[in-house]
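One structure is given below, encoded as structure tokens.
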Amino acid sequence: VEASIPEPQRDAWKKFQAKPFVSKDDFEKEVVRHVETTLARSMFNCDETAAYAAASLAFRDRLITEWNRTQQRQTFADTKRVYYLSLEFLMGRALDNAMLNVGLKNVAKEGLSELGFRIEDIINQEHDAALGNGGLGRLAACFLDSMASLNFPAWGYGLRYKYGIFKQEIVDGYQVEVPDYWLDFNPWEFPRHDIVVDVQFYGGVRKYQDEVGKNVAVWEGGEIVKATAYDVPIPGFDTPTTNNMRLWSSKAASGEFDFQKFNSGDYESSVADQQRAETISAVLYPNDNLDRGKELRLKQQYFWVAASLYDIVRRFKKSKRAWSEFPDQIAIQLNDTHPTLAIVELQRILIDMEGLDWDEAWTIVTNTFGYTNHTVLPEALEKWSVPLFQNLLPRHLQIIYDINMFFLQSVERKFPGDRDMLARVSIIEESQPKMVRMAFLAIVGSHKVNGVAELHSDLIKTTIFKDFVKIFGPDKFTNVTNGITPRRWLHQANPRLSELIASKTGGLGFLKDLNVLNELEKFADDKAFKKEWAEIKYANKVRLAKYIKSTTGVTVNPAALFDIQVKRIHEYKRQQLNIFGVIHRYLTIKAMTPEQRKKLAPRVSIFGGKAAPGYWMAKTIIHLINNVGAVVNKDPDVGDLLKVIFLEDYNVSKAEIITPASDVSEHISTAGTEASGTSNMKFVLNGGLIIGTCDGANIEITREIGENNIFLFGNLAEDVEDLRHTHNYGSHTLDPDLVKVFDLIKSNAFGDAGAFGALTGSIEDHGDYYLVSDDFHSYIQTQTLVDEAYKNQEEWITKTILSVARMGFFSSDRCINEYAEMIWNVEPLPVEKGSGLGKEE
Ligand code: Z15
């Protein structure tokens, strides 16, 4: 029931409407109020945790006021909305972001200082919201920031995991996983106990004909789980627009527990039911680029999709519009295949619940959805076993069979008699057991399919989805190259660089139109500017060096070349190539005379990233990196010339310290395997150069910044398949330098070589699928070029300035505008500034 206040009483509401604070005094007042009332503390027991809590609550109150206004404005305007469905939102910290986006960080800084705190310490109290694995989840977070900043009416829908991505500890060189229970205190979410959706599982389908002879299907029985909404406000930068991220949390339908069971003495099983329901939103699956086909994961997907669609449809029905207008009002973007069930669920709602004809419903469905593909790796493409599906979602399986039947009939009409084609494109794979191919379902049920970088979008059209291009025509497939939000990845992570840029480009406008960075080109040879630029990089390296010292105990020289590879650990991303290169460097140094050593640029090789808990090869790579570090870092022959660091528990807030401190970063995936990559963009935007393969967005970065400003190496995607074929199983000859590296490992120089047998064996004996040996020589040569180039600091700095100046294209604002125009057909809802928004300038 909508409970609106009648007209005569509204004046009182308007008179006492919440007013977002703008001044330092009002901010302090709010902080003190929260300390003394919400937290029940006082100035005599207010530690940094309490100050963080109070400051966050003050900003939260402010955001929620703007959130309310935004939602009212969007509802009133009644224009088209975007819903971004993602199983992952890797948000990181919220306080710093909120302060910067509403333009009140300096106010907060002074206010906190007057209350006795340093703002950095307060910011550091916050636990990351780590509801994601890596690139895909962080992309979703950048997109939310851009959609709000550009005033698009847009919501994110996801799951409120009780445990985010695990925390990584390194014990004796091994990764150990520790659960990430992050909800202890989370001021950024609003529980909506009034927004609860029943979600059904299992049961069966009864079919009959009604009085007028229409076929009816009823999904009945099974069990119900309740979905409760938790809302997280998403503030735009320099705009009052505050969008919503709605996360669903699962609970047993009977509330606390089943009272009937309880009263009949079956207490344990009533609690067990409760726990089983809560399990659905308990934990984020910690795999990146891997599908394990677990039933609980399918349950998560349906739970989230069903609750979100119920919510979207309910909102649409309030407008009393005709169903045919649904796609004019609503665009739903599927972030990978994880939410593909939404296609089936909307079709089910329209035909089973709302009584539409199949064709009418299907037109609405396909016009509503867009699907983003993020990978071509076969092990990452989702497939669900038909028996599992049949048991959990019997009605949905029927609808999928019908979708497939109509689809295959249309293929048959277009390609009469092509049985192979039918088998290849069928949504149902005729294996044992049969499998539902989710990517194919997503393509058939969407009006646009996009890849995330040009090479990747070309690859999906010519490899995994080739037949679908023939069937639907090329226009259904498009590219939207990924981007990153310059607010977090420049302004927040690198405040001094942001300030310098602002001082030369006329203020913070570049944060809203990143192409303004172009104006920096004219400073590429400016002595004074270059000096400031280099000082900032050095300061960022000093900051990282301190962090390294405090977390690992290793002293690194901030004047050394910082070479960083931070990302999920995966064979295709080839951290093994990097560490083998480090061992090669170690061998080279050991063989050098003291005179030769003096000429070498000192280097710090920094690694970070999590391995999926069940991914043994990735864990072995971590182990090797740590063991190499243990030997190299204490070898007196080496000294400052080489240090090897593994940073524990890489996450978003650590990325904000690490990214601004690189001289070079490594993006060295086997060509054709990394769909886009986004940390490549972050590093270049922060004045670091790249050593990389011709893969993903590296190619477009090269096009934008110029090939003189990037260190590319290695085989091309087009040659990878042939190369793999030439690797005569078990007998291909390895690069001689790599053999020396392997010999050193096998001499137990880095601990018992048995621990690394699987890793070296995958290259020596098992076909070297990721072409580590094929690219090794080219990699080493290019690293030598990096050493040489770094010696000429003047040229190096110019390269980094020119690169930053040319990075405008990689703003996630550009992505969102492309999605809006090419896929969603939505317009921003502009809003006048000044409705209480705090502005410092
Ligand atoms: C993930 O993080 C990515 C793709 C996936 O299929 C899954 Cl399951 C997780 C990454 C890509 O590996 C990366 O290249 C890309 O930049 C990112 O998605 C965002 O598109």
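The values are calculated or read from the model by the stated rules, or taken from the named source; none is laboratory data. As the structure is a prediction and not an experimental result, all values here were calculated from the model. Glycine also receives a Cβ, built like all others from the backbone with ideal geometry; neighbour counts cover every protein chain displayed. We work out accessible area using only protein heavy atoms, side chains counted, and drop any ligands, DNA or RNA first. Shrake-Rupley method; radii C 1.70, N 1.55, O 1.52, S 1.80 Å.
Segment ALA12..VAL196, full-extension length gain: 63.2 nm, with 0.36 nm per residue of separation and the alpha-carbon distance subtracted. Size descriptors for the range 610-653: radius of gyration and Dmax over Cα atoms are 12.8, 38 Å. The lysines whose alpha-carbon is closer than 23 Å to the alpha-carbon of LYS251, local same-chain residues fewer than 8 away aside, are LYS162, LYS226, LYS261, LYS294, LYS299.
Measuring max minus min along each principal axis, the C-alpha atoms of the range 346-417 give extents of 39, 35, 25 Å (largest first).
Pairs of Cα atoms in the range 583-733 fall into 10 Å distance bins, from 0 up to the last occupied one, in shares of 9, 28, 37, 23, 2 percent.
For ARG314 and GLU268, FRET efficiency with R0 = 51 Å and r from the beta-carbon atoms, rounded to 0.05? Calculated transfer efficiency: 0.90.
Inter-part distance, the range 367-397 to the range 181-220, computed on C-alpha centroids, equals 19 Å.
If you look at the Cα atoms of the range 396-485, you get an Rg and a Dmax of 14.2, 49 Å.
Both numbers refer to the Cα atoms of the range 498-822; Rg and Dmax are 19.8, 62 Å.
Between ASN825 and HIS127, the contour length at 0.36 nm per residue exceeds the Cα-Cα span by 247.6 nm. Annotation: the range 318-365 has a Kirkwood hydrodynamic radius of 11.4 angstrom, from the mean reciprocal C-alpha pair distance. Between LYS598 and TYR208, the modelled label-to-label distance comes to 9.6 nm, taking each label 7 Å out from Cα in the direction of the beta carbon.
In whole Å and largest first, what semi-axes does the C-alpha gyration tensor of the range 253-389 yield when each eigenvalue is scaled by 5 and square-rooted? Please report the intermediate quantities before stating the final value.
Values: eigenvalues 193, 114, 31 Å².
Semi-axes from the Cα gyration tensor: 31, 24, 12 Å.
Dividing the C-alpha radius of gyration of the range 514-578 by 2.2 N^0.38 Å, with N its residue count, gives 1.53.
Roughly speaking, what is the stretch gain from ASN792 to GLN432, that is 0.36 nm per residue apart minus the C-alpha to C-alpha distance, in nm to one decimal? Once the chain is fully extended between ASN792 and GLN432, it gains 123.5 nm. Above 24 Å, the calculated P(r) of the range 331-468 contains 29 percent of its Cα-Cα pairs.
Volume of the convex hull of the chain (Cα atoms only), normalised per residue: 193 Å³. Between the beta carbons of ASP47 and SER324, assuming R0 = 45 Å, the FRET efficiency works out to 0.15 to the nearest 0.05.
Starting from the exponent 0.38 and prefactor 2.2 Å, build the expected Rg for the range 577-642 from its residue count and divide its actual Cα Rg by it.
Numbers: Rg = 13.7 Å, N = 66, 2.2 N^0.38 = 10.8 Å.
Compared with the compact-globule rule of thumb, the range 577-642 sits at 1.26.
Taking the empirical scaling 2.2 N^0.38 Å for compact globular proteins as reference, the range 544-662 has a Cα radius of gyration ratio of 1.05. Taking every protein chain into account, the accessible area of the range 498-822 amounts to 37 square angstrom per residue (probe 1.4 Å).
The share of C-alpha pairs in the range 90-244 whose separation exceeds 22 Å stands at 60 percent.
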